[in-house]
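One structure is given below, encoded as structure tokens.
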Amino acid sequence: MFTQLVHIGDLHIKPGPRRERIYAALDRIIAEGSVLPRLGAWLLPGDINDILGRQMAIEDRLAVSERFVQMADRAPLLIVEGNHDAKRDLEIFAKLKAKYPITVVTEPKIVHVVLATGQQASVFCFPYPTRARFVAAGVAPGDVVDSAALALDVIFDQAATDLAKAR
């Protein structure tokens, strides 16, 4: 038996003329996804916000929250921090109350999810590895590229091992 997943990325919500078109598109995706007969989960792999432009205003956070609750009332919602999402900016969405959980992932890890179909899934979530993350972890700015390559090898090797165990 298969499960349907709805994958939505790069919303880049911010004040401006594009905002209403983004909400209209998101509303359509939610409407069409909500009637899928085997909907298991919603996946948002980052860039809900747009810190490189102007950040979401409070009215945007409220509008997005309403949509996220609507989604999570139908199936679990998994949000992964992207490079345009400010550190710790998305975690507030995990506090929203809905029928299914809203999970916000800010560090690389395997997330085990009970899907709306009753099946279980293990999802490797990998937030965007910004240069700032490595520097904040103590890596010298000039060493980020070499250190990142080593760190990513370890992260992906561990993820492969964990996913094989989950299978």
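The values are calculated or read from the model by the stated rules, or taken from the named source; none is laboratory data. Please read all numbers here as calculations on a predicted model, not as lab measurements. Virtual Cβ from ideal backbone geometry, glycine too; neighbours counted across all protein chains shown. Side chains are part of the model used for accessible areas, which takes the heavy atoms of the whole protein and leaves out ligands, DNA and RNA. Shrake-Rupley method; radii C 1.70, N 1.55, O 1.52, S 1.80 Å.
Take each peptide in 6-15, 22-31, count the other Cβ atoms within 10 Å of every residue, and average; sorted highest first, the result is 6-15, 22-31. The phi torsions of the stretch 39-51, fed into the Karplus equation with coefficients 6.51, -1.76 and 1.60 and a -60° offset, translate into couplings of 4, x, 6, 9, 10, 10, x, x, 6, 6, 8, 8, 5 Hz, rounded to whole numbers, with Gly and Pro shown as x. Helical runs assigned H by DSSP (4 residues or longer) give the chain a calculated mean residue ellipticity at 222 nm of -12000 deg cm²/dmol, each run adding -39500 (n - 2.57) before division by the residue total.
Normalising the average separation of contacting C-alpha pairs (under 8 angstrom, six or more residues apart) by the number of residues puts the relative contact order of the chain at 19 percent. The apolar share of the surface of the chain, taken as the fraction of accessible area on carbon and sulfur atoms (1.4 Å probe, ligands and nucleic acids excluded), comes to 57 percent.
Taking every C-alpha pair closer than 8 Å and separated by at least 6 residues, the mean separation divided by the residue count of the stretch 107-156 gives a relative contact order of 26 percent.
Amide hydrogen proximity for residue 80: with H placed 1.01 Å from N in the peptide plane, the residues at 5 or more positions away or on another chain lying under 5 Å are 44, 46, 105. Taking the Cα centre of the stretch 84-156 as the origin and placing charges on Cβ (Lys, Arg +1; Asp, Glu -1), which of 106, 128, 155 is farthest toward the positive end of the dipole? Working it through, the farthest residue towards the positive pole turns out to be 106. Other residues lying with their Cβ under 13 Å from the Cβ of residue 99 contribute a combined charge of +1, Lys and Arg counting +1, Asp and Glu -1.
Ligands, DNA and RNA aside, residue 59 has an accessible area near 100 Å² when probed at 1.4 Å. Here the 3J(HN,Hα) profile of the stretch 152-167, calculated from phi with Karplus coefficients 6.51, -1.76 and 1.60 at θ = phi - 60°, is 5, 4, 5, 4, 6, 4, 5, 4, 4, 5, 5, 5, 5, 5, 5, 5 Hz, Gly and Pro shown as x.
Solvent-accessible surface of the stretch 104-158, averaged per residue with a 1.4 angstrom probe and all protein chains in place: 61 square angstrom.
When the chain is described by a simple charge dipole with +1 on each Lys and Arg Cβ and -1 on each Asp and Glu Cβ, the residue from 41, 118, 138 located farthest towards its positive end is 118.
Computed from the Cβ-Cβ distance with R0 of 30 Å, the FRET efficiency linking residue 69 to residue 111 stands at 0.95.
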